[in-house]
Amino acid sequence: MRQPLLADRGFYLGPLFRRAADRHGAVFVTLDRPLDVAPALGTDLSYTVLAEVVEELSGRLWEAGVRPSEQVVVHKADNVDIMLLTCAVSRIGAVPVLLSPALAPEVAGQLLGRLRQPWLITDAATLDGLKDIALAGLVRRTLSVDDAPRAEPLAKYTGAEPPPPVRLHPREPALITHSSGTTGVPKLAVHCARTMWNRLVPQQAMGLPTRGETAALHMSFVHSRFYHLLGVLLHFGSPLVLITDPDPASVGPLLVRHRPGIVETHPNTFVLWEELAGAPGAPLSRVRSYGSTFDAIHPRTVRRLLDASRRRTPWLVQLYGQSETGPVAFQVVTRRSAARADGRRVGFGIPGFTRVRVTDAEGRRVAPGTPGRIEARTRGRILTYLGMPDRYDRQLTDGWWEMGDLGYRDRLGALYLIDREIDRIDAVHSNLEVEDTLMSRLEELREVVIVPGADREPVPVVCVRGERPLDPERWRRATAGLPAMAEPRQWRFEELPMTATWKVKRVEIARMLTEGAPV
């Protein structure tokens, strides 16, 4: 008898692939590079194969000595096996702690110091980056997916019998991820199976119209959103195309081969994938649903993506939220609504699961149309910040979570995002709105970010596709009617400090400009 995915109102990662394989069989899973933990398997796999890999890895971890409720850090080069190791750790009742491979070594060291003598699963390259960190005093033991020095190879335990699955209480810590770190050292967010269930259920309802469609995903494997989307897709039996390299030159042929009906990635990757709209073979022609995760997405990008599909009624689902809350508001954008859509509109709370309000500095609800602080009440809120409970408590007021964003609601209750509170510039009503306008007026822009200069003046930092310089005359025409700004600073996109999900670190850019970063 099959066990339900949402057993005991909890979302458990360990049995995901086994339950999917039992329910749907050998549905294909395609990778763009082989697994580091099992390179011989190649790139054309299946639900069944991945279920076996998860169980085999859980056997190795158990044989190595990992036990229930112990913390196991997964910090290695970006690849799909981050997901498989996470499921394997969860399967034996241990707590996966996911650290992005993009973290600076000193930041990773600080986060390790907040844990209680965790296990560390890593690789040679990542471990070499941590050579100046005194791991012996921070971690219990270090396991490596390759032959890293100063680590015990995980392959040493190949062939170990996987133990029976262990399921923790739904309110016990079950997963630890970290915040984006756009304003400093990331915080460690503690999730449990119950709160993860409360995030999964509404997302599963949103996935009903596309159940069974092939899904192409390029997402951070250390982000909690990835695991909720994975839970939805496996439940409905969707074939998967899992992408680690977002370069359109390699992604295009892969999508032409598989013709996905679902495509989800981070907003800045979607900007890069605008190139796929007219690519050979029409790689986006069968897309029915795009998913944009938590961050703002430019209206220009939405229109190009929707126009690239030849489906009759494609749409884009935009989710607004945080790692700490999960999605708290959503909206669906179609070709018709995209033509007149306000890029600052992020939609409505999720009925039965989330509520959103806007308040003034004293915490009083403001009238429709009045800007204020965005707060959310959600069943999917994390348990705490590990090692920083006071910081967590400061963001809570009678169950309402401060999102750190400024916005307003219209008379129908739709939420509009203005800016992050920390990014506010008095001379500009909304940095995000001005950026959307510039992106729409200048098709050559890859990114534009407005940050405060040394005297709090708005400074646009622009990235142009390719190596060509920004045309001063086109910039002058594009900025007509917009707030007065300093002269643009042109950087290469690769020079922008970003998080694992390609979210631009505006505070870091402002600091770099103040310190005289070169153009």
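The values are calculated or read from the model by the stated rules, or taken from the named source; none is laboratory data. The structure displayed is predicted, hence computed values, not measured ones. Ideal geometry is used to build each Cβ from the backbone, glycine not excepted, and the neighbour counts take in all protein chains shown. Ligands, DNA and RNA are excluded from the accessible area calculation, which covers all protein heavy atoms including side chains. Shrake-Rupley method; radii C 1.70, N 1.55, O 1.52, S 1.80 Å.
State, as an integer percentage, the relative contact order of the stretch 336-489 based on alpha-carbon contacts under 8 Å between residues 6 or more apart.
17 percent.
Tally Lys and Arg at +1 and Asp and Glu at -1 over the other residues with C-beta under 11 Å from the C-beta of L84: what net charge comes out?
-4
Ignoring ligands, DNA and RNA, please state the percent of accessible area on the chain from carbon and sulfur, probe 1.4 Å.
51 percent
How would you rank 305-317, 329-341, highest first, on the average number of other Cβ atoms within 10 Å across their residues?
Details: 305-317: 18.7, 329-341: 16.2.
So the peptides 305-317, 329-341, ranked by packing, come out 305-317, 329-341.
Rolling a 1.4 angstrom probe over the protein heavy atoms, how many square angstrom per residue are accessible across the stretch 1-86?
37 Å²
Please list, in chain and number order, the residues 5+ apart from I121 or on another chain whose amide H is under 5 Å from its amide H, with Hs placed from the backbone.
Counting only residues 5 or more places away or on other chains, the set is V73, V74, H75, L143.
How far is helix 193-206 tilted, in degrees, relative to the longest principal axis of the Cα atoms in the chain, given as a value from 0 to 90 rounded to the nearest 10?
Its long axis makes an angle of about 60 degrees.
³J(HN,Hα) across the stretch 217-223 via Karplus (A = 6.51, B = -1.76, C = 1.60, θ = phi - 60°), whole Hz, x for Gly/Pro?
10, 10, 9, 5, 6, 9, 9
Tally Lys and Arg at +1 and Asp and Glu at -1 over the other residues with C-beta under 9 Å from the C-beta of A38: what net charge comes out?
-3
Considering only DSSP beta bridges whose two residues both sit in the chain, what percent are antiparallel, to the nearest 5? Intermediate results must be reported in sequence, preceding the final value.
On the way: 48 of 83 bridges.
Restricted to the chain, the bridges split so that about 60 percent are antiparallel.
If you filter the stretch 325-411 for GluC sites (Glu not before Pro), then keep DSSP loop positions with at most 13 other Cβ within 10 Å, what is left?
Taking the stretch 325-411 and a limit of 13 other Cβ atoms within 10 Å, the loop GluC sites (Glu not before Pro) found are E362.
Compute the helix-to-body angle for 224-236: its Cα long axis versus the longest principal axis of the chain, expressed 0 to 90° and rounded to tens.
So the inclination is approximately 70 degrees.
Cα axis of helix 431-441 to longest principal axis of the chain: angle in degrees, 0 to 90, nearest 10?
80 degrees
What does the accessible area per residue of the stretch 178-267 come to in Å², with a 1.4 Å probe and no ligands, DNA or RNA counted?
24 Å²
Taking θ as phi - 60°, what are the ³J(HN,Hα) couplings along the stretch 12-23 by the Karplus curve (6.51, -1.76, 1.60), each to the nearest whole Hz, with x for Gly and Pro?
10, 7, x, x, 3, 6, 5, 5, 5, 5, 5, 7
Under the rule of at least 5 residues apart or a separate chain, name every residue whose amide H is placed under 5 Å from the amide H of E447.
C463
Can you list the HN-Hα couplings for the stretch 94-111, worked out from phi with the Karplus curve (6.51, -1.76, 1.60; θ = phi - 60°), rounded to whole Hz and with x for Gly and Pro?
7, 10, x, 10, 9, 10, 4, x, 7, 5, 5, x, 5, 6, 4, x, 5, 5
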